[in-house]
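Engineer: Please read through the structure below; I'll follow up with questions.
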Amino acid sequence: MSNQSTFDEERKNMVEFQIQKRGIKDRKVLEAMLKVPRHLFVPEQMKELAYGDEPLPIGEGQTISQPYIVAYMTEALKLTGNERVLEIGTGSGYQTAILAEIVKEVYTVEVIPELSRRAQKVLAELGYNNIKFLIGDGTRGWPEHAPYDAILVSAAPATVPRTLVDQLKINGRMIIPVGTDFQELVLVRRKKDGWEEERLIGVRFVPLVTIH
Ligand code: SAH
């Protein structure tokens, strides 16, 4: 039987053993992950598994990312609190909540309407009022609100999409999984002319779909 205090306990353990132990130090990231009730972002029948060290199915053939990966990607953006961040791939809305705990505003784009609607409902019930949602193709970004201080992409394109880099502020950062069979997280830093890429760790994400 799981009740609220069991979930709180599991969440503390998740942060200590899966996240801090593996080297995540950013206080803002750790605090956000201690706070956001991850079990509310997974399907009812998966609640008991919500704090496990793994991704989980969320329906529509998609997955909620492993907690460590959420922490790792968020830390890589070096957020201070005043940022406006674009997220591509709302999915369950869990990563969206982590970002919304830390920054001023989150703009999140999801291509599957059912997933976006479900995430909107959960995030509204939790009281977040600094998130804007768009249903559509995230490979186009969300130009109306650009430029962003940071971009977090949670589905993998074959190469870094130029359109997204163009929506970053100069010196802005983007964390994005890149590749097909073999994928890596890439940290992109936008420069005055062009951008720099740093390859981080190997990962496994669903593909970023392109709509023609
Ligand atoms: N951060 C999310 C990850 C969800 S998986 C979570 O933790 O729940 C990746 C998501 O990206 C899926 O919901 C998928 O539908 C979405 N996606 C894939 N291609 C996309 C695109 N072109 N535009 C927007 N979202 C996309």
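Engineer: Dipole of segment 3-203 (Lys/Arg Cβ +1, Asp/Glu Cβ -1, origin at the Cα centre): which of Ser5, Gly194, Gln183 lies farthest to the positive side?
Structural biologist: Of Ser5, Gly194, Gln183, it is Gly194.
Engineer: Then there's this: Work out, in µm²/s and without decimals, the Stokes-Einstein translational diffusion coefficient of segment 153-212 at 25 °C, 0.890 mPa s, Rh from Kirkwood over C-alpha pairs.
Structural biologist: Calculated translational D: 209 µm²/s.
Engineer: So what J values fall out for segment 175-182 if you push phi through Karplus, 6.51 cos²θ - 1.76 cosθ + 1.60 with θ = phi - 60°, rounded to Hz, Gly and Pro as x?
Structural biologist: My calculation for segment 175-182 gives 10, 8, x, 10, x, 10, 5, 10 Hz in order.
Engineer: Would you calculate, for the chain, the mean residue ellipticity at 222 nm contributed by helices, counting each DSSP H stretch of 4 or more residues as -39,500 (n - 2.57) and dividing by all residues, to the nearest 500?
Structural biologist: Helix-only estimate at 222 nm: -7500 deg cm²/dmol.
Engineer: Heavy-atom accessible area per residue, the chain, 1.4 Å probe: how many Å²?
Structural biologist: Per-residue value: 48 Å².
Engineer: A further question follows. Relative contact order of the chain: what whole-number percent is it, with Cα pairs under 8 angstrom and at least 6 residues apart?
Structural biologist: Reported relative contact order: 14 percent.
Engineer: Here is a follow-up. Take peptides 13-24, 173-184, 146-157 and line them up by average Cβ neighbours within 10 Å, highest first, as a rough protection proxy.
Structural biologist: Per-residue mean Cβ counts within 10 Å order the peptides as 146-157, 173-184, 13-24.
Engineer: Now a separate question. Using all C-alpha to C-alpha distances in segment 3-203, build P(r) with 10 Å bins and read off the rounded percent in each one.
Structural biologist: Result, from short to long distances: 9, 38, 39, 13, 1, 0 percent.
Engineer: Among 122-128, 97-103, 81-87, how do they line up from the highest to the lowest mean number of other beta-carbon atoms within 10 Å?
Structural biologist: 97-103, 81-87, 122-128
Engineer: When the accessible area of segment 3-203 is split by element with a 1.4 Å probe, what percent falls to carbon and sulfur?
Structural biologist: Carbon with sulfur: 49 percent of the solvent-accessible area.
Engineer: Would you tally the net charge around Leu152, using a Cβ to Cβ cut-off of less than 10 Å, leaving Leu152 out, and scoring K and R as +1, D and E as -1?
Structural biologist: 0
Engineer: Under a Cβ-only charge scheme (Lys and Arg +1, Asp and Glu -1), can you give me the dipole magnitude of segment 3-203 about the Cα centre, in debye to the nearest 20?
Structural biologist: Dipole size: approximately 600 debye.
Engineer: Straight-line reach from Lys191: which lysines have a Cα under 16 Å away, not including same-chain ones fewer than 8 places off?
Structural biologist: Hits, sequence-local ones excluded: Lys169.
Engineer: Reachable aspartates and glutamates from Lys21, Cα under 14 Å, same-chain residues fewer than 8 places away excluded?
Structural biologist: Cα-Cα hits under 14 Å: Asp53.
Engineer: Enter the Cα centre distance for the pair segment 24-98 and segment 149-178, rounded to the nearest angstrom.
Structural biologist: Result: 18 Å between the Cα centres.
Engineer: Tell me which lysines have Cα within less than 21 Å of Lys121's Cα, excluding those fewer than 8 residues away on the same chain?
Structural biologist: Hits, sequence-local ones excluded: Lys35, Lys47, Lys104, Lys132.
The values are calculated or read from the model by the stated rules, or taken from the named source; none is laboratory data. Because the structure is a prediction, the values reported are computed rather than measured. Note: ideal-geometry Cβ built from the backbone for every residue, glycine included; neighbour counts use all protein chains shown. Quick note on the areas: whole protein, heavy atoms, side chains included, nothing else; ligands and nucleic acids left out. Shrake-Rupley method; radii C 1.70, N 1.55, O 1.52, S 1.80 Å.
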